[in-house]
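Report on the structure given below.
The values are calculated or read from the model by the stated rules, or taken from the named source; none is laboratory data. Predicted, not measured: the structure shown is a model, and the values here were computed from it. Virtual Cβ from ideal backbone geometry, glycine too; neighbours counted across all protein chains shown. With ligands, DNA and RNA removed, areas are computed over all heavy atoms of the protein, side chains included. Shrake-Rupley method; radii C 1.70, N 1.55, O 1.52, S 1.80 Å.
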Amino acid sequence: MRFQDSYYDSVYQKTQLWKCLRVSLTFILSMLSWQVIHSEPSPVTERIIALGNTADLPVKTDFYQNLRSTIGELRTPTFIIINGDFTDGSMDFYTDSLRVTQLISTIEDLDYASLIFIPGDRDWANSGIKGWDYVQKLEQLVESFKLPNLYWPIKEGCPGPKAIPIGEHVLLITIQTQWWNHPYEKPTPGNGDCKIADKGDFKEELEDLIDENDHKNILIAGHYPFISYGPYGGKWPYHKYLFPVPVVSGMIHSFRSNIGTVKDIVNHRIDELNKELKQIFLEHNQIIYLSGHEHNLQVLKFEDHYLINSGSPFKRDYSGSGPLAIYAESTRGFIELRYYENGQVESVIRSSNDNKFLELQKIGLYRSNCEVGSVQITANLRNIQCQEHQDKSKPKSDLQNTVTLAAGKEYQASKTKQAWLGKHYRKSWVTPITVPYLNMDTTFGGLTPYQKGGGRQTLSLKFKSANENEYVFRSVNKDPTKALDYEYRSTIIGEVVKDQTSAQQPYGALVVDKLLDTLEILHASPRLYVLPGNEYMGAFQEYSGLLGMLEDRPVNPKKVRTPFAQADKILKSYEMFRSLYDDHDNKVEVAEFARARAFDLLVGDWGKHE
């Protein structure tokens, strides 16, 4: 232990000059960008403090009192997420009760502060045989305090997910990652202890929560990170492969990096969850994920998402770096998130050396969409605060009525390439056509974009109209590589899969629309447009010039003036199945369904999702 501490202290001292230069440069660049972003101060509306591995703190410590003082700095709604390992795994219930009581003391009598417990592997008795029993015992302990601002959101050791609204614009989704990792008895569909205890149902419920709250900042909290540059993610300092025993040490750490123990995020149980989470993140936009397993501080950028590990309030361990790392240090401290009224989101790195919670660095995650000018920080497209303030009196920059363009020039191919990859509908993709610009002043009384859409392969943008209805614009061109695992996307496999988009007729939906009309099958009717490149796109300038199709968006009839197809209710598949199960008077119109499905088979439409 002494060697480890002296090693990290030595590394820390030797790298101070480099870190000083790096932090100074980051600070200067941040100030330049903040001058644009912070033209006017915006109040903090919600604050999240992420803490993991609090079991490493001494029983007698000033940490909790200092944390309570920190909570009072802004006097704004504050949520402390205890992201696992608040007990040491020894199942000493007396000592664990003291630890839990100290944590709860930080929010006692503070009506603007809340405490949320998410257990980790040590709280499940170090993934031991009595883990499920012990985590339920801890749950009973926490709930015995009966405080309104105290949460144990996922009951009975279930996997979750469980949603907690945090203010008007933030949704916290808690998941119990240890359920996936636990090798012994736990809730399963067979014992019926949980509403959800199946991996497929878990994924569907998590995706539904994200989809149903596409207008809110999404924050997911789970104990294990799914990408990490720390030891549990397979990253080690070089000396670990040589000492204390050369060759043997290398074999041990190679095993942990590639196969993994029960604590490592590459072991076969937790790796299954990691792949599911990566896929869900890649199919959605702008999600923040909090974890606490590693004894370090990390802020990683994964596509347009952020992965934050905050697990070193007392003990610190090695942190490597990599292409996703914005901040990755073996610093004692914790990370907090701040959500601002104007939509801005930032993370604050705090040290806890000598129990003094100093601000080390602020990192802007998403800027307010009210501001333009900084390209270093992505606009928050989940919390659109300023779209209604766009100045529509300005003249358009794209005032032409039409534009001539090809749907996909990249599908041009030589005869050799066509022989290998197929002729397909390449001629239709590369032939220029004349298309009208979408007139956002007059179409449906005026359209305003308000939210990115989901979709695995298609770029989509949601619109609200002056007639209080909703529409969605979907790109003609597709990107099927999003259906691949992340590591394959930039390879030759990804290139080949992307090229196979040419097997789809780009304008087929327009023909199918006429056929569906003739057969009287209920459907949304698409119209072909190009999005304009002007100020009306607001925070969605990246969509300017996009060729796509605009159609009605079937949503809850209560949210619009004219419901799609004059429907009383519009349900997702799983909601329909639940209605059929709950009330046998409900039924599916078999003839209508069979006709619609037969048509799908005829035209090869396999894109029906939930």
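Data for the structure
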item: Qualifying residues in the range 208-229 (those that are aliphatic (A, V, I, L, M) and open to solvent by 10 Å² or more (accessible area, probe 1.4 Å)) - the one nearest to the chain's Cα centre (by Cα); result: 209
item: Index of the failed condition, residue 283 passing every other in (1) open to solvent by less than 30 Å² (accessible area, probe 1.4 Å); (2) touching a Ser or Thr at 6+ places or on another chain (Cβ under 9 Å); (3) in contact (Cβ under 8 Å) with a residue 40 or more places away in the chain; (4) among the acidic types (Asp, Glu); result: (2)
item: Conditions (1) more than 17 Å from residue 335 (Cα to Cα); (2) out of contact with any Pro (no Cβ under 9 Å at 6 or more places or on another chain); (3) open to solvent by 20 Å² or more (accessible area, probe 1.4 Å): number failed by residue 232; result: (2)
item: Odd one out for residue 568 among (1) in contact (Cβ under 8 Å) with a residue 24 or more places away in the chain; (2) surrounded by fewer than 12 Cβ atoms within 10 Å (Cβ to Cβ); result: (1)
item: Selection status of residue 550, under 28 Å from residue 209 (Cβ atoms) and either in contact (Cβ under 8 Å) with a residue 24 or more places away in the chain or touching a helix residue (DSSP H, G or I) at 6+ places or on another chain (Cβ under 7 Å) (or both); result: yes
item: Residues satisfying the stated conditions in the range 161-191, i.e. free of Cβ contacts under 8 Å to residues at least 60 places away in the same chain, small (Gly, Ala, Ser) and open to solvent by less than 50 Å² (accessible area, probe 1.4 Å); result: 163
item: Selection from the range 103-118 of residues that are at pLDDT 95 or above and either open to solvent by 10 Å² or more (accessible area, probe 1.4 Å) or in contact with a His (Cβ under 7 Å, 6 or more places away or on another chain) (or both); result: 114, 118
item: Failed criterion for residue 276 (all others in (1) under 14 Å from the mean Cα position of the chain (by Cα); (2) of a type outside the set (Gly, Ala, Ser); (3) within 27 Å of residue 333 (Cα to Cα) hold); result: (3)
item: So residue 242, is it farther than 16 Å from residue 180 by Cα and open to solvent by less than 10 Å² (accessible area, probe 1.4 Å); result: no
item: Lone qualifier among 94, 134 - being crowded, with 19+ Cβ neighbours inside 10 Å, of a type in the set (Ser, Thr, Tyr) and over 29 Å from the mean Cα position of the chain (by Cα); result: 134
item: Test for residue 304: is it without any contact (Cβ under 8 Å) to a residue 60 or more places away in the chain and of a type in the set (Asp, Glu); result: no
item: Any chance residue 269 is in contact with a Pro (Cβ under 9 Å, 6 or more places away or on another chain), surrounded by fewer than 21 Cβ atoms within 10 Å (Cβ to Cβ) and not acidic (Asp, Glu); result: yes
item: Number of the condition not met by residue 434 [criteria: (1) open to solvent by less than 60 Å² (accessible area, probe 1.4 Å); (2) assigned to a strand (DSSP E or B); (3) farther than 25 Å from residue 562 by Cβ]; result: (1)
item: Residue ID - modelled with the highest pLDDT, chosen from residues in the range 201-223 that are assigned to a loop (DSSP other than H, G, I, E, B) and out of contact with any Ser or Thr (no Cβ under 7 Å at 6 or more places or on another chain); result: 216
item: Residue match in the range 400-420 (condition: over 33 Å from the mean Cα position of the chain (by Cα) and open to solvent by less than 30 Å² (accessible area, probe 1.4 Å)); result: yes
item: Complete set of residues in the range 571-600 that are open to solvent by 100 Å² or more (accessible area, probe 1.4 Å) and in a helix (DSSP H, G or I); result: 577, 578, 581, 582, 590, 593
item: Residue 481, sole failed condition from (1) closer than 30 Å to residue 558 by Cβ; (2) crowded, with 17+ Cβ neighbours inside 10 Å; result: (1)
item: Count of the range 330-364 residues which are touching a residue at least 24 places away in the same chain (Cβ under 8 Å) and assigned to a loop (DSSP other than H, G, I, E, B); result: 9
item: Any chance residue 205 is farther than 22 Å from residue 365 by Cβ, open to solvent by 30 Å² or more (accessible area, probe 1.4 Å) and charged (D, E, K, R); result: yes
item: Top-ranked residue in the range 289-319 [being in contact with a Ser or Thr (Cβ under 9 Å, 6 or more places away or on another chain) and more than 17 Å from residue 224 (Cα to Cα); ranked as surrounded by the most Cβ atoms within 10 Å (Cβ to Cβ)]; result: 314
item: Residue tally, condition modelled with pLDDT of 85 or more and open to solvent by 70 Å² or more (accessible area, probe 1.4 Å), over the range 601-610; result: 2
item: Tally, over the range 491-541, of residues that are open to solvent by 40 Å² or more (accessible area, probe 1.4 Å), in a helix (DSSP H, G or I) and under 16 Å from residue 437 (Cβ atoms); result: 2
item: Residues of the range 442-461 classified as under 22 Å from the mean Cα position of the chain (by Cα), open to solvent by 20 Å² or more (accessible area, probe 1.4 Å) and farther than 24 Å from residue 500 by Cβ, total; result: 2
item: Single match in 124, 152 (criterion: touching a residue at least 12 places away in the same chain (Cβ under 8 Å), within 21 Å of residue 189 (Cα to Cα) and of a type outside the set (A, V, I, L, M)); result: 124
item: Residue match in the range 466-487 (condition: assigned to a loop (DSSP other than H, G, I, E, B), free of Cβ contacts under 8 Å to residues at least 40 places away in the same chain and under 28 Å from residue 419 (Cα atoms)); result: yes
item: Boolean, residue 81 is modelled with pLDDT of 50 or more and touching a Phe, Trp or Tyr at 6+ places or on another chain (Cβ under 6 Å); result: no
